[in-house]
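To start, the structure itself, in structure tokens.
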Amino acid sequence: QVQFVESGGGLVQPGGSLTLSCAASGFTFSMYAMSWYRQAPGKERELVARISSTGGNTNYVDSVKGRFTISRNNAKKVVYLQMNSLKPEDTAVYYCNAPRWGWGQGTAALWGWGQGTQVTVSS
């Protein structure tokens, strides 16, 4: 059974930083690209960042480029999202999953969703 457990969210002031973690299980983690998604209240889920199976290639949505960094540890089966210079518009529930398509080809995910981790950016 595929499972994702996201953690590391919280309340942070604008300009602050957070690092999210996602522990994955139930599939051969090292063989799959992984992505972080987010969903703000009243909005559709958005694909934020993608990392290749080996970690050698990363992609980001324009709104987070230069501020967020996705990384992974295949031995630990964990994917991370380092978020710097946070803005109020980054407020959302953040999820991880394996993307169904390559970057720019669609935003669908392969499996069901974990509980996510809430990130709130507010003064």
Order of exposure, largest accessible area first, which applies to Glu44, Glu6, Glu89 with probe 1.4 Å: Glu44, Glu89, Glu6
Sequence-separation-based contact order of the chain, relative, with Cα cut under 8 Å and 6+ spacing, percent: 35
Candidate lysines for bridging to Lys76, where Cα separation is under 27 Å - those fewer than 8 sequence places away on the same chain excluded: Lys65
Part-to-part distance (alpha-carbon centres) for region 62-116 and region 42-60, which is given in Å: 5
For peptides 63-72, 91-100, sequence by mean Cβ density within 10 Å, most packed first: 91-100, 63-72
Accessible area (Å², per residue) of the chain, counting only protein heavy atoms and a probe of 1.4 Å: 51
With every protein chain in place, region 23-123: carbon and sulfur % of accessible area (1.4 Å): 47
Other-chain or far-sequence residues with amide H under 5 Å of Arg100's (modelled H): Ala108, Ala109, Leu110
Full-extension gain in nm, Met31 to Trp113, via 0.36 nm per residue minus C-alpha separation: 27.6 nm
Length released on extending from Gln1 to Ser63, taking residue separation times 0.36 nm less the Cα-Cα span: 19.0 nm
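The values are calculated or read from the model by the stated rules, or taken from the named source; none is laboratory data. From a predicted model like this one, the values you see are computed outputs, not experimental measurements. Cβ coordinates were reconstructed from backbone atoms using ideal geometry, including for glycine residues, and neighbour counts include every protein chain displayed. To get the accessible areas, we keep the full protein, side chains included, count just its heavy atoms, and leave off ligands, DNA and RNA. Shrake-Rupley method; radii C 1.70, N 1.55, O 1.52, S 1.80 Å.
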